[in-house]
Each structure stands twice: as structure tokens, then as C-alpha cells.
Amino acid sequence: MITPTSLPARRIISIIVLSVLALPGHAANPQRFCGKEGVWLQILGSGGAERTDQRGGAGYIVWLNDKAKLLVDLGVGSALRFEEVGAKFEDVDAIAFTSLQSDHSVDFPAFVQGASFSGRTRVLPVFGPEGSDVMPATSAFVNRLIGPQGAYPLLAQHLTRQATSYRIDVTDIPAAGTRRWARFGNADLRLAAIAVHHGSIPAVAWRVTLGAQSITFTGDFNDEGNTMAAFAKGTDALVIDHSLEEGARGAVRDEHVVPSQIGKIAAQAGARMVILSHRTNRTRSRESMTEAAIRKHYAGPLLFASDYECWGL
């Protein structure tokens, strides 16, 4: 466990980093990773689409008082990680996708079927980007997977009001323009989203507010229009996708930010801490160079995410 006691109290009230080897024997219950009280962010998967990195695909749990309240992205391995850390699906208030590419969404059917055995009865809200010429909207995506004519038609019961256990309610979030979406909230959390540019792929960023604290998930983006800093202003944790090295060139720059951009965004936003996730083979083993580029602009806590890690806000 690492506790950065040397950090100014105003900038970090508490950050507890618990790193656990990615082995099944290390996952008995959430107390082995997260605290029982307060807001915690847990990494289900810190990798990307590559299957040579021994990491799960993008996936995150937001915990509140020992309950898994929100899932953000469900990349490969998320369903298994969710089980391993002892989370309960009946506690989840919503699922939010930053994009519908497979490395962010492939485990969704596994969650839907697995939740049938969880005892969940309340509606499950699912949020994700609107569609485009190259990608379906989230509502169409869900129907293609679990609708009556979908890949897994036996799960279609969860889309009807006569669902025998729980029902899924899908909302498409604007993935173009500058308008901020903020139409979901309950006693525990509130969600807000903005469209971000990720090449030709519809994508959104999410800001999760729990009481006085917030976590911002950028998803894949290149910050066209310089919108992220304002959206993440004052956030406690900025979870930012780190797919490119500083010297990256070509078409990939239309889809992702580089470390110097991350540093500028974090500084302009005044983020209390930055968590680099969705790490790829292009960026792993370049951590010192990444940090150097970010440190030219941002001086706060900087963390390189790994699967299972959990941070308290």
C-alpha cells in the first residue's frame, strides 16, 4: 500500500494505492482492494485491444461505501474481474460506455446474462454514444446483441417491460456538438457527458459526481476543440486513456492524445490526480518519457493504472 503523505492535504485528502497481482487467488472480496467507506475507483482492465499485454480491456467500477455503484466500459475480462473483486450486480445503478468499440464493450452480454442470477429486480440504465455511418447507436448496439433478432436472443427478455428479473433501459448520448448531457442522477450519484472526437468513431466522456467528489473518464479522444479541460474542471480523479507515445504521428493522432496534451488538460482542469489507463504496447515501457512530458505542465499525483488497483478519493 502506498500513501503519498507528502502531498499537500488540499490537493489530495487521501490516495490509497493497492496493487494486486492479476491472479485469481488474489481476488476474494473488495476489501482486499478498496476501503469500506467513501468513494473509490477500481480498475477492472487497464489495457487496450491488444491481447499480448496480460491486461483486461478498459473497464472501471466506481464504489461508494462498499457498493459497486457504476460501471464504465466493459472491455474483455471485465465480467471476470467484477466477480473476482466481490462486486454485486444488484448494487449497480448504471452502466456508461465511452464508445462501443469491442475493447470497451465486449463483455456486455456476459454481464446481462450473469445478472439474471444475481437477484436483481430493478431497472438497469445503460448509457452510450449515438451512432454514425460507421457505428450503431447504443440502443441499436444492444438490440443487435440481445434483441429478439440479435446474437443472443434468449436475453431479449431484459428489454421488455415483462422482464422476469430486471429490465434494461438504454439511452443514446449525443456524440457530436458541444452540448453537455446531464439527465441521470439519484441519491448517490449524478452523471454528465460530452461528445469527444475519436476519429470516425462516436465517443463520449463521462463525469461522475458523488457528493462533493467527482471522477472524469475521458475514453479514447484527441481533444479536438479543447473541450476536456473545461468538462473535467476541478475533478478529483481524471482517468485518461493513454494509447500514444509523445512522438506518435499519422492517423492515430486523430484518435488519441499524447502525453504533453494530457499534462496540459490536467493542469488546465486542476485535476487532483491523473490516472493513465487504456495503456497499449506503444506506451508501456515508456513510462519515464510519458511522465517527463506530462510533468512539463502538471505537477499533481500521476498514476499508471494496472488491473485490480483501487484508489480512494
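The values are calculated or read from the model by the stated rules, or taken from the named source; none is laboratory data. If you're wondering where the values come from, they're calculated on a predicted model, not measured in any experiment. Methodologically, a virtual Cβ is constructed for each residue, glycine included, from the backbone with ideal geometry; neighbour enumeration extends over all protein chains shown. Surface areas here come from the heavy atoms of the whole protein model, side chains and all, with no ligands, DNA or RNA. Shrake-Rupley method; radii C 1.70, N 1.55, O 1.52, S 1.80 Å.
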Point to revise | Test: residue in segment 196-205 that is in contact (Cβ under 8 Å) with a residue 60 or more places away in the chain, over 22 Å from residue 304 (Cα atoms) and surrounded by fewer than 22 Cβ atoms within 10 Å (Cβ to Cβ) | key: yes
**Study point:** Qualifying residues in segment 140-169 (those that are open to solvent by 40 Å² or more (accessible area, probe 1.4 Å) and in contact (Cβ under 8 Å) with a residue 24 or more places away in the chain) - the one nearest to the chain's Cα centre (by Cα)
**Key:** 169
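Matching residues to (1) at pLDDT below 95; (2) in a loop (DSSP other than H, G, I, E, B); (3) closer than 23 Å to residue 42 by Cα:
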site: 263; (1), (2), (3): no, no, yes
site: 266; (1), (2), (3): no, no, yes
site: 280; (1), (2), (3): yes, yes, yes
site: 283; (1), (2), (3): yes, yes, yes
site: 291; (1), (2), (3): no, no, yes
site: 297; (1), (2), (3): no, yes, no
site: 300; (1), (2), (3): no, yes, yes
Practice item. Mind listing whichever residues of segment 120-135 are open to solvent by 30 Å² or more (accessible area, probe 1.4 Å) and not small (Gly, Ala, Ser)? Key: 121, 122, 123, 130, 133, 134, 135
Study note, to complete from the structure: Across segment 302-313, the tally of residues that are over 16 Å from residue 46 (Cβ atoms) and open to solvent by 40 Å² or more (accessible area, probe 1.4 Å) stands at 0
Review point. Looking only at residues in segment 36-68 that are touching a strand residue (DSSP E or B) at 6+ places or on another chain (Cβ under 8 Å) and open to solvent by 20 Å² or more (accessible area, probe 1.4 Å), which one is farthest from residue 211 (Cα to Cα)?
Key: 55
Practice item. Name every residue in segment 171-187 that is surrounded by fewer than 16 Cβ atoms within 10 Å (Cβ to Cβ) and either aliphatic (A, V, I, L, M) or not in a strand (DSSP E or B) (or both), in order of residue number. Key: 176, 177, 178, 179, 180, 182, 186, 187
Review point. For segment 214-235, what are the residues that are farther than 22 Å from residue 126 by Cα, surrounded by fewer than 24 Cβ atoms within 10 Å (Cβ to Cβ) and not β-branched (Val, Ile, Thr)?
Key: 222, 223, 224, 225, 226, 229, 230, 233, 234
**Study point:** Filter result (of a type in the set (S, T, N, Q), assigned to a loop (DSSP other than H, G, I, E, B) and in contact with a Ser or Thr (Cβ under 8 Å, 6 or more places away or on another chain)) within segment 214-260
**Key:** 218, 227, 235, 243
**Study point:** Qualifying position, being outside any loop (DSSP other than H, G, I, E, B) and not charged (D, E, K, R), among 86, 56, 114
**Key:** 114
Exercise for review: Would you mind stating whether residue 247 is in contact with a Gly (Cβ under 7 Å, 6 or more places away or on another chain), among the small types (Gly, Ala, Ser) and open to solvent by 20 Å² or more (accessible area, probe 1.4 Å)?
Suggested key: no
Exercise for review: Only residues in segment 113-131 that are in contact (Cβ under 8 Å) with a residue 24 or more places away in the chain and over 30 Å from residue 200 (Cβ atoms) count as the first member; pair them with residues that are open to solvent by 20 Å² or more (accessible area, probe 1.4 Å) and of a type in the set (Lys, Arg), Cβ under 7 angstrom, at least 6 apart or cross-chain, and list the lot.
Suggested key: 118/88; 123/167
Point to revise | Inter-residue pairs, beta-carbon under 8 Å, first under 22 Å from residue 49 (Cβ atoms) and in segment 282-303, second open to solvent by less than 70 Å² (accessible area, probe 1.4 Å) and part of a helix (DSSP H, G or I), 6+ apart | key: 283/290; 290/259
